[in-house]
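Just so it is clear, none of the values below were taken in a lab; they were calculated from the coordinates. These figures come from a predicted structure and were not determined experimentally. Here Cβ is always computed from backbone atoms with ideal geometry, including for glycine, and neighbour counts include all displayed protein chains.
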């Protein structure tokens, strides 16, 4: 994997984190469950990731609800390798639940998000986790996220409770604030690192189509135009 | 057949001649399907039902559906049984012409779909390894979808792995299954965004590209078309999927597919008229280009990103290749041209690159760039081969140049429209390109050969020469190139004062035999000419050759000229006065407006609008026709109300409405004998924005307008002054702001200096303070030293004193002793004379001492007594005290 490092394992996954501050939106939202899947990601080693947008940095105070499922992408660097995450943001409302179940198969990781200011979102975690466990691969990395950590005054779920739930269920745990972007990147990184580790030690078989992982490759046949950046050398494998 | 007869015989049984009642038979069979414990019996019963299911569809449907569904749920062991069950059900839901009632199959389908667990069972079965089971299950879903699409989809979505199973089928090596699956997915993705997204999540894009590549890309069979169609369905109207498509580098795969050249088989001859393109190639490329255009459709949020990616990955080059190859079918050339237009539209960077693109006509040797432009080489034999020309010019020639000899104007029509679309996309929102085109309105000196001239012209002069070309003898379709040229020209001038000025300076070398006619005047003559031709023909009555415009139809070319004049003259008094130098023209307008033909609302409306603009902006001092004359014409000949009415009618016309809807797709469509009127959006916008102002001007008398103009002139000059002032101010403020800047910089330096000084000063202060402190501490040290010294001195002093006192005591003691001795010896010793007094003194002393001694003894005795007393007290209190000597 060294010299042919134009091909890097890519991984990915996650879920876009968002917070909704709009009271109506809150009411409607059962739970923010986000799942992320890393799927078939492709990364070009050395491809400049700076051009990528950072979906999770875009916090809007009055966020519109996720309808069904939305796709996003994110580049990360782990151990110097570029990794592109495919993020499938699934709606947390009960009415979308049957649809969101279709997105577990083939996900390399899942971010289970609750709102620390709303106890009910925490109380529903068990059902979501059960869904995720039931429909995903056994080696899918799941991370528990308590969001809105900036609203300490309104906190309804203690950090220790979240940690305890995570410990009981073998999940990673982190508290984030989508508003201040606090820990958000870390949450994604942590998930991706864990997946990366699993690839490195062979827990995840990347040749399996349902692993949700895909090696990056250099597209062949790029035609370079005058203004184009220099062609990336094509490595054979 | 063996199965069938066995099953049948089992029931028909003994009496072979006995005709059984189908109702009873079906009931019996259904019961058996339910109740049999032996798999063979069940199988036989199902086969029996299958045999009857076509002939007695209604009866079988009524009795057998629940038991059949039950079989599928419970029997998973026997593939034959499952297969026949599926087939029987499929028979029941397949639509048949002879169904009675008509919706019989729909009724059956509903029964099946509404069964709670059936659909997820069928989805399981399409994953079965057995070919027939897989195939029949898939077919069943297709049949159900045809009847109850939405209900079926909602059932499929409930199954978490349902959609994924379809995707698995895309890699099925058995083509029948794979193709069937693609068909079904095309249907399912037409409307439902959820299905679209899940399919994409399951990696359908990659699998489709794999199939397309395996099948040979655009050169492949109908399977490629189906896959492309599915791709299109997944992307259209689904921004999430479009994002996925881009993020997973799928856009990059499109240029490879577009690069297609049909294999040159020996069957097709060498003539360029014989195309190597097969019908299927055209279909495939058509869908592919539809996908390209969809990704860069104007106004979409992601369009500019997609445009850039397409540009970077070399999409333009193969598209140009398609656009310019004469053997490519017109529909594909048109679509390719439009695709380029969409890729560069409103994207300055791409427009700029397009502007710089050169096209080299084909020559014997391999020329690197885009190969040939056969049109050129055919149309202009004199042209030297392998001359590189700007792509924009080559494309413009497609739009408004001479068509190749071997193609009819009709089949070339699409290419012209699309090329014009591309040129307009190139100029839209691109002021630099407009000016560079406008700068070439006046052609460089050229030789006389008209045909050759056309290929050497620059884009600007090409436009001018086409617009001013003689109209006589042209058919309607041939006139379309003039129409396009005028349309592009209008776009150049729209709201662009620089281009208007350049156009005003342009003149046509020879128009109607007169040399150097100003372009504006030439256009006004062209408008008159185009209408005259039409008038002559309608006057000549029923010319068998459909030409410019037949009776009652609008004259599309004349309208286009008038529109261009509107755009040119609005807000431009110089242009108005130049136009009025053609005195004929205003009479011509008047005629159109007053013509009582109710069908020509568009033509008379545009003429009315132009008249209004002329009336409004006829303020130049050099004008040929004074405003009072115009007013006379307006009020006496036309009638103000009449004019306003024409304007209103135009504004409400369908043609204007169309101009605001999709700008290309209704650009023009050809029907047999006339070209419909289509407005450019530049004219339509002008009309919408300006019509109210024009109307209000038309209601004013010349005096009012003059006043207005004077005012506005005054205003104008004052505005000029103001703006000059403002400029000056801006400059001044620029200067002063510069001054301010340097001032503020100076101030800052000063501040810094001051601060620096302050700091230095305080540093000094600190230094002083610290030296002071040092001094003080030294002083303190000295003090301490001196105190120490003093203390030591005192110490010595005291010691001395002490010693002195001690020695005195010793002295006194010795003195005392000696005096004691003396006192003892006293009586016996002789005292000299003075010894008596001494003795007396001593005696006195002695007696004093004795008294003291007595006192002391008394005190001692007291003390003793007290001690005794205390001792006794203590003893009484219980303290043990040893008896003292004195008590003994």
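What order do you get for B:294-300, B:73-79, B:682-688 when each peptide is scored by the mean count of other beta carbon atoms within 10 Å, highest first? Don't jump to the answer; show the numbers that get you there.
Values: B:294-300: 17.3, B:73-79: 12.6, B:682-688: 19.7.
Final packing ranking: B:682-688, B:294-300, B:73-79.
Going by a ≥ b ≥ c, the root eigenvalues of the Cα gyration tensor, does the stretch B:762-829 fall in the rounded group (a/c under 1.5), the prolate group (a/b larger than b/c) or the oblate group? Let's see the in-between values first.
Numbers: a/c = 15.71, a/b = 13.18, b/c = 1.19.
Prolate is the answer for the stretch B:762-829, as a/c is 1.5 or above and a/b outweighs b/c.
May I ask you to derive the relative contact order of the stretch B:1-159, considering only C-alpha pairs under 8 Å and at least 6 residues apart, and to give it as an integer percent? Provide the component values of the computation, followed by the final result.
Numbers: 179 pairs, mean separation 29.3, N = 159.
In percent, rounded to a whole number, it is 18.
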Calculate the length of the line joining the C-alpha centroid of the stretch B:582-603 to that of the stretch B:464-490, in whole Å.
21
Using alpha carbon centroids, what distance separates the stretch A:108-162 and the stretch B:388-416, in Å?
63
Quick check on the exposure proxy: order B:870, B:244 from fewest to most C-beta atoms within 10 angstrom.
B:870, B:244
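Just checking the output field for A:100-106: average partner chain Cβ neighbours within 10 Å of each residue's Cβ?
On the way: counts 2, 5, 16, 5, 2, 7, 5.
Per residue, the average neighbour count from other chains is 6.
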Using a/c under 1.5 as the rounded threshold, could you call the stretch B:1-159 rounded, prolate or oblate? The axes a ≥ b ≥ c are square roots of the C-alpha gyration tensor eigenvalues, and prolate needs a/b larger than b/c, oblate otherwise.
oblate
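Would you mind putting B:32-45, A:136-149 in packing order, based on average other-beta-carbon counts within 10 Å, highest first?
Details: B:32-45: 17.6, A:136-149: 22.8.
In decreasing order of mean packing, B:32-45, A:136-149 become A:136-149, B:32-45.
For a footprinting-style exposure proxy, rank B:277, B:791, B:568 by other Cβ within 10 Å, fewest first. Walk me through the intermediate numbers first.
Values: B:277 20, B:791 10, B:568 27.
Sorted ascending by nearby Cβ count, the order is B:791, B:277, B:568.
Could you work out the mean count of beta carbons from other protein chains within 10 Å of each residue's beta carbon in B:250-262?
Average neighbour count from other chains, rounded to a whole number: 1.
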Gap in Å between the Cα centre of the stretch B:274-315 and the Cα centre of the stretch B:180-210?
20
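I need B:317, B:461 ordered by Cβ neighbour count within 10 Å, fewest first.
Numbers: B:317 17, B:461 21.
In increasing order of surrounding Cβ atoms, one gets B:317, B:461.
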Given B:395-404, A:104-113, the highest-first ranking by average Cβ count within 10 Å works out to A:104-113, B:395-404
For peptide B:156-165, the mean count of other chain Cβ atoms within 10 Å per residue Cβ is 4
